[in-house]
Amino acid sequence: MFSGNNTARGFYSFYEELINFAENGVFILKGGPGTGKSTLMRKVGETAFQQGYDLEYHYCSSDPFSIDALLIPELALAILDGTRPHIVDPQNPGAVEQLINLGEFWEVELLMTQKEKIKILNQQKGFFFRLAYNHLLEAEVIKRELQYYYQCALNKVGWWPFFRETITRAFGEFTPPVKRLPLIRSLFASANTPDGYLSYFGSILQGVKNLYLLNGGWEIGKAAFLKKIAAWGISLGFDCEKYHCPFDPLNLELVFFPDLKLGFLSTRSFFEYWGLTGQVLDFDQFISFKKLAEFKREIGLAEKRLTAVHEQAWQKLDQARSVHQQLEKIYFPAISIEKLEALGEKLVNYFFKLSQGD
C-alpha cells in the first residue's frame, strides 16, 4: 500500500495518519537520498516478520521498490521516512515520536565537494515532478470532459433503490458492534509510479469474503457511491479503510471494512486484479448508450488523449527517479555503513524488547 501519491493535486500525503496507529513509538528518519532509510526499515521488518508479526509496508510512489514507512500494528510501532515530500512533524516529541538524523552518519566534507552537482540534480528532479503533476492535472481535465458526455446520457431513475438494495445485501447479515468510535484510515491501494500505474489490491484484499466490483464508465456515480458506502458503514460503527484515487485523491477507489472482510472496488480498464473476483455492480445500467453514441467521436479522441497524458506523467516520474538515483550515488559513499548498521541493531533490539513486554 501507499501513504503518499503523485496526483493531479501534486504529492498527496497521509503519512501523518500513521502516527495515530503507533502509540508505542514512531521513529522518524531524516536524511538525504541513499542514506539507508529504506534499508533500516527492511532490517526491522525482517526481524519482526521472523518473530511472527504482521507487517504493513508503505511503498514509495516515486520508487515502488523503496519503502517509505513500516507499521507493526500488533506492537503499535512505526518507522517512516520523514523527509520531503512526506514531511511528518512529531505530535508528542520524545514521548512517542523519536527523530533520527542520519545526517550524523555522513562525511560533510565529501558532500561539500559535490555541492554544485547536488543543487543542479535537485533542481532537475523538482522540475520533472512538476511536469508529471501538470500532466496528471491535464488528465483530470480530460476526465471531466468524458464525464460530461456520460452525464448527458445519464438517467438516474432507480439509483437510490439500487444503493439501498446494495447496502441491505452487503450489511444485512452483520450486527453493528457495541457502541464505540470506529477506526477510520485513509490510504492508497495504487499509485502513479515511474513504472506506470501500480496496485496492491491483491495483498490488501487477501481473505476478502464479499467483494463488490463497481463497473462502468460513469465515474462520478461510482465515486459518489463509494463515499456513501463508507459513510454508511462508519455510521453503523464498523472500522473502515478508505483507499483514495491516485489520480484525484478527493475521490475513493476502494472501501474496505476489515472486520467484515467486505470490500467495494471501482474498476478501471488498466486495473490488475490479481485474480480477484466479486459481485458486479453495473453502473452502465443508468446510461443511455443511444444518447452516448452521439459523442462517440469525441469520447474516442478524449480517451486517446487521456492515455497519452498518463504515459507522459509516468515518463516524467521515471526521469525524476533517474535523477534521484544519481543523487543516491553521491550520498551513499559519504555515509558510514558501520554507524548505520549499529543504528539498525539498536532499533531491532528496541523492538524486540517491546515485543517481550519489557
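Please treat every number below as a calculation from the coordinates, not as lab data. Given the structure is predicted, the values throughout are model-derived calculations rather than measurements. Glycine also receives a Cβ, built like all others from the backbone with ideal geometry; neighbour counts cover every protein chain displayed.
Sorted fewest first by neighbouring Cβ atoms within 10 angstrom, Ser66, Ser322, Ser61 come out as Ser322, Ser66, Ser61.
Here the relative contact order of the stretch 12-106, from alpha carbon pairs under 8 Å that lie six or more residues apart, stands at 41 percent.
Straight-distance candidates among the lysines for linking to Lys242, with alpha-carbon spacing under 20 Å and chain neighbours fewer than 8 residues away dropped: Lys209, Lys222, Lys227, Lys228, Lys261.
Taking a straight line from the alpha carbon of Lys179, these aspartates and glutamates sit under 20 Å away, with near neighbours fewer than eight places off in the same chain left out: Asp239, Glu241, Asp259. Relative to the Cα centre, the charge distribution of the stretch 303-358, modelled as +1 at Lys and Arg Cβ and -1 at Asp and Glu Cβ, gives a dipole magnitude of about 240 debye.
When a/c reaches 1.5 or more, the comparison of a/b and b/c decides; with that in mind, is the stretch 152-204 rounded, prolate or oblate per its Cα gyration tensor? In terms of gyration-tensor shape, oblate. Simple rule: put +1 on each Lys or Arg Cβ and -1 on each Asp or Glu Cβ in the stretch 1-48, find the dipole, and look at Met1, Ser38, Asn24; the Cα lying farthest toward the positive end is Ser38. Seen from all sides and averaged, what is the projected area of the convex hull of the Cα atoms in the stretch 38-129, in nm²? For the Cα atoms of the stretch 38-129, the hull's average projected area reads 7.7 nm². Look at where the Cα atoms of the stretch 135-153 and of the stretch 300-352 average out, and the two centres are 31 Å apart. Rounded to the nearest 10 degrees, the angle from helix 219-235 to the longest Cα principal axis of the chain is 70 degrees. Just so you know, the Rg over Rh for the stretch 39-86 is 0.97, from Cα atoms, with Rh as the Kirkwood radius. Magnitude of the charge dipole for the stretch 56-185, about its Cα centre and with charges confined to Cβ atoms of Lys, Arg (+1) and Asp, Glu (-1), is about 720 debye.
Of the residues Phe351, Tyr148, Tyr12, the one whose Cα sits farthest towards the positive end of the charge dipole of the chain is Tyr148 (charges of +1 on Lys and Arg Cβ, -1 on Asp and Glu Cβ, taken about the Cα centre).
What is the angle, in °, between the Cα long axis of helix 37-50 and the longest principal axis of the Cα atoms in the chain? Nearest 10 is fine, range 0 to 90. The angle comes out at about 80 degrees. With contacts taken as Cα pairs under 8 Å at a separation of at least 6 residues, the stretch 193-335 carries a relative contact order of 33 percent. Distances longer than 18 Å among the Cα atoms of the stretch 132-271: what percent of all pairs is that? That tail contains 59 percent of the Cα-Cα pairs. For the chain, a Kirkwood radius taken over Cα pairs fed into Stokes-Einstein (37 °C, viscosity 0.692 mPa s) yields D = 147 µm²/s.
Bridging of Lys339 to lysines at a Cα separation below 22 Å is possible for Lys30, Lys37, Lys43, Lys329, Lys353, once same-chain residues fewer than 8 apart are set aside. Dividing the mean sequence gap of close Cα pairs (under 8 Å, 6+ apart) by how many residues the chain holds gives a relative contact order of 26 percent.
The distance from the alpha carbon centre of the stretch 12-30 to that of the stretch 161-205 is 22 Å, rounded to a whole number. Charging the Cβ of each Asp and Glu at -1 and of each Lys and Arg at +1, and nothing else, the dipole of the stretch 211-358 about its Cα centre rounds to 480 debye. Size descriptors for the stretch 1-56, from the alpha-carbon set: Rg then Dmax equal 13.5, 40 Å. Just the number, please: percent antiparallel of the DSSP beta bridges in the chain, rounded to the nearest 5. Looking only at bridges with both residues in the chain, the antiparallel portion is about 55 percent. Per residue, the Cα convex hull of the stretch 299-338 amounts to 43 Å³.
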